[in-house]
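What follows is one structure encoded as structure tokens, with my remarks underneath.
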Amino acid sequence: MTSALHFLVVANVTRTNLNSWRAQRHGDPLPGSLDFLVQEAQALESAAIDGVFLTDTLFFGDRGTWPYRVTDDFDPFTLAAALAMATNRIGLVVTGSTTFEAPYTLARQVLSLDHVSAGRAGWNIVTTWAAEAADNFRADGLPEHDERYRQAQEAVDVIRALWDSLEDDAVVADHARGVFTDPAKIHVADHHGTYYDVRGPLGARRSRQGRPVLFQAGSSGAGVAFAARNAEVVFTMQGDASAGAAFRDRVRSEAHAAGRTSAPLVTPQLSFVLGSTDEEAERTDEYIGGLFVPELQIAKLQEVDIDLEGLHPDAPMPALPESTQKNQSALQRYRQIAQTPGMTVGAFLARTASGFGTRVVGTPERLADLIEEWHSVGAADGFVLAPNLPGQAAVFAQEVLPILRERGLFRHDYEGETLREHFGLEYPEHPAAGR
């Protein structure tokens, strides 16, 4: 029996709050460094958290953000392999782009991580939106929004076929004959499509959990359709439980229409600032606000075609663009925040610096109440936790999870070994099974 709720944590807090490195205490590892990530993953594993999430963008950011960014911007697959050696049970979800990375390479990287971690790998499928990333890979710029999803669908189809190159019983290891693999159990993808020509097979057997778990985030029409067809866990950013429930219903409906017998789990992003009292949490939030650098956020917003350069902090928010060929989902979240009555440029910059989705500042009980509310109205199967400050994930594990356990909403310990088991997902049988 699996936990009623599931939790993933964005392990690199410098991704959810670019200013958080300024909160480093003397003697503590730099947020975002390998030492920090190892300590974070081990602490979260001791609390039976489902997994850690390693984001990636394939570029260092708009030039205006360079003075303020930490430079431990490492490859997530390499980091996840290191974390696999330092942990035993917690899941490891890595981000890989179908826009710029070859399906054969991605399939091999993710499946290798799944074997290295004994079945704890997940792949966050992204369609990279940043023109700055395109500059690192191709001369002809970024494909348009919906084309990136068409390319992603073909890439996922190829990757699934490559992951199924070997049947579960393909390895015979016959010492007497010197035969290791039964060639009749090896399948060649032999794919020839619009974007890719991939022969295969992949020289690795299926993993302990069959295949890595597929994650995806995207709230545009193309993004939701893609998630409904492919994802096993969907990330989203919703402002309240009502919007969350509507989004979950939409994903489930589209998954059913796509012919799936089981719908993806939906895990909205949740950021928080915790304190033993509301007043203490508010003081901590004020401290986080003191770390804020307006110039950094102005430059970061330019990555999604929002230009606030030169505007006075007290000026009312101007109208934002209605669409972008970059990150359409992010732009829509920014538009919602900008349309808040009385919103000024300065308040908008400060608000958006702490991320999207729902944000709670208060006691562990207050946060547990909100989590229970979302779950009870069908708005969430779990959450992607995005702490704004180093140490807040540990506070969640130590003070919020016990409350949820008392309410029967979270397990006391892991009930399986693999990430797929943590989420209560079925083992995916090989397509050739039973033939």
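Points worth noting:
- ALA347 vs. criteria surrounded by fewer than 19 Cβ atoms within 10 Å (Cβ to Cβ), aliphatic (A, V, I, L, M) and farther than 23 Å from GLY218 by Cα: yes
- Filtering the range 333-355 to residues that are part of a helix (DSSP H, G or I), in contact (Cβ under 8 Å) with a residue 40 or more places away in the chain and closer than 18 Å to THR236 by Cα leaves ARG333, GLN336, THR352.
- Here THR324 meets the list (1) crowded, with 20+ Cβ neighbours inside 10 Å; (2) in contact with a helix residue (DSSP H, G or I) (Cβ under 7 Å, 6 or more places away or on another chain) almost entirely, failing just condition (1).
- Subset tally (residues that are touching a strand residue (DSSP E or B) at 6+ places or on another chain (Cβ under 7 Å) and either farther than 27 Å from PRO212 by Cα or in contact (Cβ under 8 Å) with a residue 60 or more places away in the chain (or both)) for the range 135-159: 2
- In the range 64-76, the residues that are under 15 Å from ASP35 (Cα atoms) and in the same structural domain as ALA41 (by TED's automatic domain parsing) reach residues that are among the β-branched types (Val, Ile, Thr) and crowded, with 16+ Cβ neighbours inside 10 Å with C-beta atoms within less than 6 angstrom, at least six apart or across chains, in these pairs: VAL70/THR14; PRO76/VAL94; PRO76/THR95.
- Taking each residue of the range 163-174 that is over 15 Å from ALA204 (Cβ atoms) and looking for partners that are surrounded by fewer than 12 Cβ atoms within 10 Å (Cβ to Cβ) and polar (S, T, N, Q) with beta-carbon atoms closer than 9 Å, six or more apart or interchain, yields nothing.
- Hits in the range 1-34 - residues which are among the basic types (Lys, Arg) and over 12 Å from GLY391 (Cα atoms): ARG15, ARG22
- Restricting attention to the range 71-107 and to residues that are among the small types (Gly, Ala, Ser) and part of a helix (DSSP H, G or I), the residue that is surrounded by the fewest Cβ atoms within 10 Å (Cβ to Cβ) turns out to be ALA86.
- Applying the set (1) over 19 Å from GLY290 (Cα atoms); (2) buried (at least 16 other Cβ atoms within 10 Å of the Cβ) to ALA353 leaves exactly one unmet item: (1).
Okay, residues lined up against (1) at pLDDT 90 or above; (2) not hydrophobic (A, V, I, L, M, F, W, C):
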| position | (1), (2) |
| --- | --- |
| ILE288 | no, no |
| ILE298 | yes, no |
| ALA315 | yes, no |
| SER329 | no, yes |
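- When SER242, SER253 are checked against the criterion of being hydroxyl-bearing (Ser, Thr, Tyr), surrounded by fewer than 21 Cβ atoms within 10 Å (Cβ to Cβ), assigned by TED's automatic domain parsing to the domain that holds ASN388 and farther than 24 Å from ALA338 by Cβ, SER253 stands alone in meeting it.
- Some residue of the range 139-153 being in a loop (DSSP other than H, G, I, E, B), aliphatic (A, V, I, L, M) and more than 29 Å from LEU79 (Cβ to Cβ): yes
- Residue match in the range 382-395 (condition: closer than 17 Å to VAL234 by Cα, part of a loop (DSSP other than H, G, I, E, B) and in the same structural domain as GLN238 (by TED's automatic domain parsing)): yes
- Among the conditions (1) in contact with a Ser or Thr (Cβ under 9 Å, 6 or more places away or on another chain); (2) surrounded by fewer than 20 Cβ atoms within 10 Å (Cβ to Cβ), the only one that PHE235 does not satisfy is (2).
- LEU409 touching a strand residue (DSSP E or B) at 6+ places or on another chain (Cβ under 9 Å) and modelled with pLDDT of 90 or more: no
- Hits in the range 15-46 - residues which are more than 13 Å from THR87 (Cβ to Cβ), free of Cβ contacts under 8 Å to residues at least 40 places away in the same chain and part of a helix (DSSP H, G or I): ASP35
- Search result, residues across the range 187-219 that are farther than 18 Å from ALA263 by Cα and among the hydroxyl-bearing types (Ser, Thr, Tyr): THR194, TYR195, TYR196, SER207
- Residue in the range 54-70 that is surrounded by 21 or more Cβ atoms within 10 Å (Cβ to Cβ) and more than 24 Å from GLU295 (Cα to Cα) present: yes
- Scanning the range 7-25 for residues that are at pLDDT below 85 and over 19 Å from the mean Cα position of the chain (by Cα) returns a single hit, ASN19.
- Residues in the range 116-142 that are crowded, with 19+ Cβ neighbours inside 10 Å and not hydrophobic (A, V, I, L, M, F, W, C) were compared, and the one that is nearest to GLU303 (Cα to Cα) is THR128.
The values are calculated or read from the model by the stated rules, or taken from the named source; none is laboratory data. Owing to the predicted nature of the structure, the values given are computational and were not obtained by experimental measurement. Neighbour counts run over all protein chains shown; Cβ positions are idealised from the backbone, glycine included.
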